[in-house]
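Everything on this sheet refers to the single structure shown next.
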Amino acid sequence: MASFKTTTGVKLGEGTYESVRNYYGKVLSSSKDLKTSACTTSNKPSPSVLNAMRKIPSPVMEKFYGCGTPLPTSIEGLHVLDLGCGSGRDCYLASALVGEHGSVTGLDMTAEQLGTARDNVEKFTATLGYAKPNMRFLEGMIEFVKDAGVAPGSIDLVISNCVINLSPDKEAVIRGCWEALREGGELFFSDVYCDRRLPQATREHDVMLGECLGGALYIEDFKRLCHKTGFWDPRELSREEIIVSDPELKGICKGARFYSITYRCFKIGTLETLCEDYGQVAFYEGTIADHPTFYPLDDHHVFEAGRPMLVCGNTASMVQDTRLSKHFKVIGNRDSHYGLFDCSSPPSVSGGGLSATSGSCC
């Protein structure tokens, strides 16, 4: 039986770097020049993020191109890496959220965008009242984060906003994220995905690339890359369909449909390829900023503060062996195994005086 090569639909041509650098550095003067909603679509940010956003200098905001706000809250003191930071909007947001004792590193290959990001650091530092900047911006390729100056195992949280699709070698990017993260760290990012593998000519079209559509990964191929790298259980947090309004691009896309999806991928050694049942129960304490009552771990797990939820072993690890541990209590361990976790989401189960909802994993 012939096997599918994982590089199909994953790698782009050698001219990708120059095409992307030219489109974002010279063709676009602001987000108003975009031909699709791919680099502007976004759900409303949380209150903490909105509050920080109001403090960002206007030049940084005007040069921002992204497909979401891939930034969790309650990240005080963390070391954050933003891949393809552009003008730095998400770095500025993270700078406010990690506080004076956290740090933010932005990495981008476009000199024009980095100029905007660096020019406004001092002003923003003063606005936040910090004694010194907690941001730095590096010029380099997101496929080679170590070469750009990011030490392996030095990062708690990697974020990226509609950028990985632009890379000619997505496997290298995902692998670099894994290597940069500490154990228990997280890749939390928004990007553009497709419901199918696109023809090579479509993928390498200059405008399709610049608009974040040409490099869009087929959703299932992205999951395969995650598994290959070590992110065994990528979790989808949100999804929004992208509108292609330009008639020429519509013709090029044919029937393909594109989505802005936010994923979170944890670097945890105990994660498994399937959701297994160990009889564990998780409680959310209601302490994550902007989520006093409900916390969406992903689109299948919405925790209600104080209410017990039956969870698979992977979900238990995600809330117990990461930065989320201070906000959750997990009862049980992996000493007893009960087979695959039931993802059918029955209304509730009870026993021994404990009643718990069940979180669906798939």
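Details
- Segment 263-341, accessible surface, carbon-and-sulfur percent (1.4 angstrom probe): 51
- Cα gyration tensor shape of segment 74-153, rounded if a/c is under 1.5, else prolate or oblate by comparing a/b with b/c: oblate
- Rounded if a/c under 1.5, otherwise prolate or oblate - segment 46-94, Cα gyration tensor axes: oblate
- Remark: the Cα gyration tensor places segment 214-305 in the oblate category, a/c being 1.5 or greater and a/b not exceeding b/c.
- Probe 1.4 Å, protein heavy atoms only - accessible area per residue of segment 77-142 in square angstrom: 35
- Segment 76-157, accessible surface, carbon-and-sulfur percent (1.4 angstrom probe): 51
- Among the listed pairs K170/K228; K228/K267; K146/K170; K55/K146, those with a Cα-Cα distance over 21 Å are K55/K146.
- Rounded to the nearest whole Hz, the Karplus-based 3J(HN,Hα) values (6.51 cos²θ - 1.76 cosθ + 1.60, θ = phi - 60°) of segment 92-103 follow the sequence 5, 4, 4, 4, 6, 7, 7, x, 5, 9, x, 8, with x at glycine and proline.
- In Å², nearest 10: area of D298 left accessible to a 1.4 Å probe: 0
- With Cα atoms defining each centre, segment 242-291 and segment 50-119 are spaced 21 Å apart in the structure.
- Charge dipole of segment 182-243 about the Cα centre (unit charges at C-beta), most positive-ward option of S238, L209, L225: L225
- Only aspartates and glutamates eight or more places from K132 in sequence, or on another chain, were considered; those with a Cα closer than 12 Å are E100, E122.
- Close amide-amide hydrogen proximity is noted between C67 and C162, each under 5 Å apart and 5 or more residues distant or on a separate chain (H modeled in the peptide plane; Pro and chain starts excluded).
- Around the amide H of G106, modelled in the peptide plane, lie the amide H atoms of D82, R136, F137, L138, all under 5 Å away and 5 or more residues distant in sequence or on another chain.
The values are calculated or read from the model by the stated rules, or taken from the named source; none is laboratory data. All of these numbers come straight from a predicted model, not from anything done at the bench. Neighbour counts are summed over all protein chains in view; Cβ atoms, including those assigned to glycine, are modelled from backbone coordinates with ideal geometry. When the accessible area is computed, the model is the full protein with side chains, heavy atoms only, and any ligands, DNA or RNA have been set aside. Shrake-Rupley method; radii C 1.70, N 1.55, O 1.52, S 1.80 Å.
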